[in-house]
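**Q** To start, I am sharing the structure in question, which I have written as C-alpha cells.
Just so it is clear, none of the values below were taken in a lab; they were calculated from the coordinates. These numbers were taken from a predicted model, which means no experiment stands behind them. Glycine gets a Cβ as well: all are built from the backbone with ideal geometry, and neighbour counts include every protein chain shown.
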Amino acid sequence: MKIICIGRNYADHIAELHNETPAAPVIFLKPDTALLQRGQPFFYPAFSQDIHHELELVLRISKNGRHIEEEFAHTYFDEIGLGIDFTARDVQSQLKAKGLPWELAKGFDGAAPISATFKPVSDFADLANLSFHLEVNGQTRQQGNSGLMLHPFAKILAFVSQYITLKQGDLIFTGTPAGVGPVQIGDQLTGYLEGEKLLEVAVK
Ligand code: MG
C-alpha cells in the first residue's frame, strides 16, 4: 500500500506558513514504513529539533482506480479516519529553501500515525461537513472541517488518479488546517472526529 498526502489544502494553514495557494492539489508520498498503527508511540527522531503535528482526515481506498471521474470518486473510498502528518519542519525548511523534495521531512519512520479505528463513510450524513480536532495534553491545538478544504475528497481522488493508480488499502491524507506546531517528548496527542476520540499517539 501507499500513503498519498495532500499539502496546502486549507487556506488558514497556507496563511500560517506563508505559502502560496496552489491552483492544483500539492501531492507527496510517505512510504508504508512511516505508518504507526494501533496506538504505537512516536519516537522523536534525532535528526530534527522541530517535529510538528498536522492532524488530517484520512481516506481508505476501497477499490483500484485510475482516471476516476469526480462524480464517481465517492465509490472509491469506504472509510474515514484520522492521521497525523508528522513533519520535521526544520528539515523541510532547508529542503524548501533549496527547491528540493520533502521526503526526508515527511516520510521518515513513524511520520504517519493513523487512528486505530476508521469509520464507515455511511456513518456520516455529510462528508462536506466533518469536524475534527487535535488535543495535545488535553489542550485543543487544531480544529478543522472538511467543508473548508480547497480541494474536496472527490477532486483529490480525480486529480491524483490521473497520475497514480489508486489501489485498495491505500491511504489519502487530505491536508491539515491551521494550528500546526511543535511536539515535545512526553506529549500525548489525541484526535477527535465529529467529537469521537479515534486517535491517540504518545511522543517518546
Ligand atoms: Mg500535511
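**Q** Using the Karplus curve 6.51 cos²θ - 1.76 cosθ + 1.60 with θ = phi - 60°, work out ³J(HN,Hα) for each residue of region 68-78 in order, rounded to whole Hz, and write x for Gly and Pro.
**A** For region 68-78, the Karplus curve yields 6, 7, 3, 5, 9, 4, 5, 7, 9, 9, 10 Hz.
**Q** Label 7 Å along Cα→Cβ of Gln49; region 68-93 residues with amide nitrogen under 20 Å?
**A** Residues passing the 20 Å test: 87-93.
**Q** Now for a different question. Could you calculate the contour length gain from Ser93 to Ile164, that is, 0.36 nm times the residue separation minus the distance between their Cα atoms, to one decimal place in nm?
**A** 22.9 nm
**Q** Same structure, new question: Please enumerate, by chain and number, the aspartates and glutamates with C-alpha under 15 Å from the C-alpha of Lys119, excluding those fewer than 8 residues away in the same chain.
**A** In chain and number order, the partners are Glu56, Asp78, Glu79, Glu194, Glu196.
**Q** Right, next: What ³J(HN,Hα) values, in whole Hz, does the Karplus curve 6.51 cos²θ - 1.76 cosθ + 1.60 give for region 100-115 when θ = phi - 60°, with x put for Gly and Pro?
**A** Ordered by residue, 3J(HN,Hα) equals 9, x, 9, 3, 5, 8, 10, x, 5, 4, x, 7, 9, x, 10, 5 Hz.
**Q** I need the shape label for region 52-155. Rule: rounded when a/c is under 1.5, else prolate if a/b > b/c, else oblate, with a, b, c from the alpha carbon gyration tensor.
**A** oblate
**Q** So if we plug the beta-carbon distance of Leu29 and Asn137 into 1/(1 + (r/R0)^6) with R0 = 22 Å, what FRET efficiency do we get, rounded to 0.05?
**A** Efficiency for this residue pair is about 0.10.
**Q** Separate question: Mind computing the radius of gyration and Dmax over the alpha-carbon atoms of the chain? Å is fine for both.
**A** For the chain, the Cα-based Rg and Dmax read 15.7, 45 Å.
**Q** Can you tell me the order of 150-158, 189-197, 15-23 when each peptide is scored by its average per-residue count of other Cβ atoms within 10 angstrom, highest first?
**A** Averaged packing, sorted descending, gives the order 150-158, 189-197, 15-23.
**Q** Given the Cα-Cα distance of Glu194 and Asp126 and 0.36 nm per residue of separation, how much length would full extension add, in nm?
**A** Full extension from Glu194 to Asp126 adds 23.4 nm.
**Q** Also, I was wondering about something else. Provide the net charge surrounding Lys155, with neighbours chosen by a C-beta distance below 15 Å and charges set as Lys +1, Arg +1, Asp -1, Glu -1.
**A** With Lys, Arg at +1 and Asp, Glu at -1, the net is -2.
**Q** Let me ask something additional. Considering only Cα-Cα distances, which of the following residue pairs are longer than 19 Å: Lys2/Lys98; Lys30/Lys96; Lys63/Lys197; Lys2/Lys63; Lys2/Lys204; Lys63/Lys155?
**A** Result: Lys2/Lys98; Lys63/Lys197; Lys2/Lys204 exceed 19 Å.
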